[in-house]
């Protein structure tokens, strides 16, 4: 066979020539592939974000309630008034508590699923995490409203095992207590923990599964106790996964406005403040300034997470 | 590693799983309760009556139909945009590749309320009235990432030599896509599409800002949560919603296997 026969003839059809042209210009091909989604995200998403951010530099005329379209930092200064600053502190504290708690509750699940489970057990663990993750957000919140209600299942369970005094004691705690579980910060915290927990488990489990078995065997061969192996080999390698999970738990708690509205003491979180300011209060500049807070916090958080190697664990 | 520590870990894991599953079982139990006004536990009696009552409610049906239509259109848009981006990112290295990944992930990495209020202020600025399409635009934006993540994971595992062999044998780029790439990533796309559908069907935070007076099923549910009108009907709808979202998740699980699902793929 001659060389000429071995090389396919140049295509004559339009699609064939187009395809050849794209193969020769890979950069153009990549650009064409990227263009639709990038245009969509740039126009719809970044464009919307930009209009929102612009609003945050406007201010509200106090007497008329009209928006003054002059650029000013006055609205940002309002964030530091005690009433508004409290909202920010409360939300960040809740996000931090939820992230730490979900790491503590989630780690054993991820650890057992990654290191001890095979076959059917592994699938069962996986589904047990995925089903609550994917079932409706509002239905989960609703389930907790049912459970936390004064006449609900938790009060009943505490009474059954004779721990009602413990429950009463927890609800009497200053600051986090309240008249019932569904109107206290404890309730809000439990619902947040429940709803975001799977987001912590999945990346942690993925990181644990990537720990090479050889490293653990080597650590044991060198005389380390199981605890020492865990502390010095497994935990450092799993940390990027935990940090990756905390990106979700932290960010999702920062922005949520439905859970504290339905289960909680009625005091505002950032999300509710945004919702009320843009809705009934009609103060869009302040609402926009409030949304900048989680963006900034998540920007810092993502930068730190990136240095800790969390992006590879996503 | 199998030592005294492992039993404690297993017990902690078991308790954690119970914590994850119990609330879903509670929903099932409440759908059958005879109690109408309070959330009393245990249910004083069991009945099927509320399923019939819920079936007759036109507002529930209207909300359900709107949710299904929005989810279908948003999923199609997300499938197209997500697949194209995934093909670009998976098979080549180019300047700004990380920035593209970041941009795709951003709508779920930032809290949903930001996406929502940003879209609303943009609609207000450009005087776009609320409609079916304003909801779809919001949903498609955060659904892209689900499709993208599934497609990228599969494309990275697909051997590049398959594509090269096809091209060497004289297939054009489009034929290669149709006959080689698509069959390979098909199940991943199907899985991504179903997850996107489930995500859109369930979304409430962005929808609050883009729906205006329209009511999707989650918005109906939220209304009931804040101002309960008929608790037993809400219980039944909650059970139905759980059942409806489980089907695509189970299918997606069997189509891709456990290894491709990550938290990022599931982000809200």
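The values are calculated or read from the model by the stated rules, or taken from the named source; none is laboratory data. The shown structure was predicted, so the numbers you read here are calculated from the model rather than taken from an experiment. Cβ atoms come from the backbone with ideal geometry, glycine included; neighbour counts cover every protein chain shown.
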What residue, of B:119, B:102, B:106, is at the interface with chain A (Cβ under 8 Å from one of its Cβ atoms), free of Cβ contacts under 8 Å to residues at least 12 places away in the same chain, under 24 Å from residue A:248 (Cβ atoms) and in a helix (DSSP H, G or I)?
B:106
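Would you confirm whether any residue within the stretch A:74-91 is in contact with a strand residue (DSSP E or B) (Cβ under 7 Å, 6 or more places away or on another chain) and either within 14 Å of chain B (Cβ to nearest Cβ) or farther than 30 Å from residue A:191 by Cβ (or both)?
yes
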Name the residue, out of B:248, B:218, that is assigned to a helix (DSSP H, G or I), at pLDDT 85 or above and either at the interface with chain A (Cβ under 9 Å from one of its Cβ atoms) or closer than 24 Å to residue B:118 by Cα (or both).
B:218
If you go through the stretch B:48-69 one residue at a time, do you hit one that is without any contact (Cβ under 8 Å) to a residue 60 or more places away in the chain, surrounded by fewer than 13 Cβ atoms within 10 Å (Cβ to Cβ) and closer than 19 Å to residue B:199 by Cβ?
yes
Pick from A:199, A:137: which is closer than 22 Å to residue B:12 by Cα, in contact (Cβ under 8 Å) with a residue 12 or more places away in the chain, buried (at least 18 other Cβ atoms within 10 Å of the Cβ) and within 7 Å of chain B (Cβ to nearest Cβ)?
A:199
Checked pairs for the stretch A:250-271, first surrounded by fewer than 24 Cβ atoms within 10 Å (Cβ to Cβ), second modelled with pLDDT under 85 and part of a loop (DSSP other than H, G, I, E, B), C-beta under 6 Å and 6 or more apart or across chains, list as A:265/A:178
Filter result for residue A:155 (within 26 Å of the chain's Cα centre (by Cα) and either at the interface with chain B (Cβ under 9 Å from one of its Cβ atoms) or at pLDDT 80 or above (or both)):
no
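Residue A:67 - would you say it is more than 10 Å from chain B (Cβ to nearest Cβ), out of contact with any strand residue (DSSP E or B) (no Cβ under 8 Å at 6 or more places or on another chain), touching a residue at least 24 places away in the same chain (Cβ under 8 Å) and closer than 30 Å to residue A:266 by Cα?
No; evaluated as a whole, the condition is false for this residue.
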Consider residue A:180 against the criteria (1) crowded, with 17+ Cβ neighbours inside 10 Å; (2) in contact with a helix residue (DSSP H, G or I) (Cβ under 6 Å, 6 or more places away or on another chain): it satisfies all of them except one. Which criterion is unmet?
(2)
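Could you name every one of the helices (runs of 4 or more DSSP H) located completely within the stretch A:206-260 that has at least 3 residues being at pLDDT 85 or above, within 12 Å of chain B (Cβ to nearest Cβ) and within 24 Å of the chain's Cα centre (by Cα)? Please lay out each step first, then the result.
On the way: elements: A:213-221, A:226-229, A:235-255.
Output list reads A:235-255.
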